[in-house]
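For reference, the structure is listed below as structure tokens.
The values are calculated or read from the model by the stated rules, or taken from the named source; none is laboratory data. Source: prediction; values computed, not measured. Counting neighbours? That spans all protein chains shown, and the Cβs are built from the backbone with ideal geometry, glycine included.
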Amino acid sequence: MKICMLTYRGNPYCGGQGVYVSYLGAELAKQGHEVHVISGPPYPHHVEGVTVHRVPGMMLHTSDGDYPPLENPLSAFSPLNLYDRVAWQFGMFSEMASFSFRAFALLRRLHAHHQFDVIHDNQTLGWGLLPMKLLGAPLLATIHHPLTIDRQRGFEAPTNFHRQWGQMMFHPILMQGFVARRIPHVVTVSDASAKEIIKDFRVPQDRIQVVYNGVDTAHFRPLLGRKRVSGRVLYVGNFQDPNKGSIFLLRAMARVKRPSHLVIAAATLPDPERFRQDLEDLGLADRVEVRLQLDRDELVELYATAEVAVSPSVFEGFGFPAAEAMACGLPVVAAAGGALPEVVGDAGLVVPPRDPEAMAAAIDKLLGDASLREAIGKSARERILERFQWHKAASEVTGIYQDMIYAHR
């Protein structure tokens, strides 16, 4: 089977969409399929058996909010680059729309040569997907969760009218909802996400299928001989995203009674001054350690030396950090936000979202009971091995591809 996957950001360190396309693409290739990935920047790492086609992009919404340098200054005057710059000035997140048009132009040429059996979009849902339906191959989209959830979290944060208006402009909700309703087949990664897609994007339930993500259990695994650091509580993830519930974790740590300290593993942190002030206000200045830009091996070492991992998210479409911690045999305290109860099940402690008191009590319970931590960590690893494997996800997606191709013909 010849498969073409689309992803507006392909690097696994840029978020769940990068992890998804890298691992799913690799597993599909292992199962004997010819896999091509059309990706915007940041691009995927080398994936065995997968051909990556790089689509140029402006990447205007960088962490420092500045323009990246252009290789060719004249390219700034191309229609899509002009659109990106103008949209950026108005606070719009144009990356998905502009990538979809660039991807369509490239896909049209590639399809004429390769004759793909299926086209699989990964969370782009840009206008350029609509003409892809005319290329003669069935079209599928994976939606990890609707952007309406991200926008809602932005509204909840303390802010002013200017920032609220910015939330309205930034998230391309109308585009994604319009395109999602016109994609014949939708895959999502949890029942919780499926419910939100049906509610917010109004996609009919009979067009949505749930295929759980996998975890790289060969890499994320218990490390023998590592000594756990007493009282170490670990948070892995985007500390700036309001969906991740980081403020509730800090408030919980301020309430933990047992000797403990928090390690934050993230790509970047929010405003350092504001972060330091939050720690001072909560009395956590000497109980929080930050580690940025860790590679996978360093992350596994952290999982191996912590006593408890916490996933305080208000909403997760799946929850890779919780699943990775479980695969490493580390007990998890998870907020019941989105799909986390589906992932953790009874192999961890699940508490109500936005509840620092309940979260602190669960952390205290695990820190005070070594035998409970060991039992939960063992069952967590077993649950991941049984339910969340990439080869299983690839097989289920392949079955969907085959049904699509049969119906299309």
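At least 1 residues being over 23 Å from Val263 (Cβ atoms) is the threshold, and among the helices (runs of 4 or more DSSP H) wholly inside the stretch 307-409 those reaching it are 340-344, 370-387, 390-408. For the stretch 297-304, the condition holds for at least one residue, the condition being that it is in a helix (DSSP H, G or I), under 17 Å from Val236 (Cα atoms) and free of Cβ contacts under 8 Å to residues at least 40 places away in the same chain.
I'd like the residue in the stretch 2-29 that is at pLDDT below 85 and closer than 14 Å to Pro41 by Cβ and, out of all such residues, is surrounded by the fewest Cβ atoms within 10 Å (Cβ to Cβ). Looking at residues that are at pLDDT below 85 and closer than 14 Å to Pro41 by Cβ, I get Tyr13.
Looking for whichever is touching a helix residue (DSSP H, G or I) at 6+ places or on another chain (Cβ under 8 Å), at positive phi and in the same structural domain as Pro331 (by TED's automatic domain parsing) here; the options are Gly237, Gly283, Gly245. Which one fits?
Gly237
Residues in the stretch 256-266: is at least one touching an Asp or Glu at 6+ places or on another chain (Cβ under 8 Å), on the phi < 0 side of the Ramachandran plot, outside the structural domain of Glu382 (by TED's automatic domain parsing) and not in a loop (DSSP other than H, G, I, E, B)? No, the stretch 256-266 contains no residue that is touching an Asp or Glu at 6+ places or on another chain (Cβ under 8 Å), on the phi < 0 side of the Ramachandran plot, outside the structural domain of Glu382 (by TED's automatic domain parsing) and not in a loop (DSSP other than H, G, I, E, B). In the stretch 362-376, how many are surrounded by 13 or more Cβ atoms within 10 Å (Cβ to Cβ) and either under 28 Å from the mean Cα position of the chain (by Cα) or not hydrophobic (A, V, I, L, M, F, W, C) (or both)? Of the residues in the stretch 362-376, 8 are surrounded by 13 or more Cβ atoms within 10 Å (Cβ to Cβ) and either under 28 Å from the mean Cα position of the chain (by Cα) or not hydrophobic (A, V, I, L, M, F, W, C) (or both).
Quick check on the stretch 225-241. Is at least one of its residues small (Gly, Ala, Ser), in a loop (DSSP other than H, G, I, E, B) and at pLDDT below 95? Checking the stretch 225-241: at least one residue is small (Gly, Ala, Ser), in a loop (DSSP other than H, G, I, E, B) and at pLDDT below 95.
Restricting attention to the stretch 322-346, the residues that are crowded, with 20+ Cβ neighbours inside 10 Å and either closer than 25 Å to Ser371 by Cβ or free of Cβ contacts under 8 Å to residues at least 60 places away in the same chain (or both) add up to 17.
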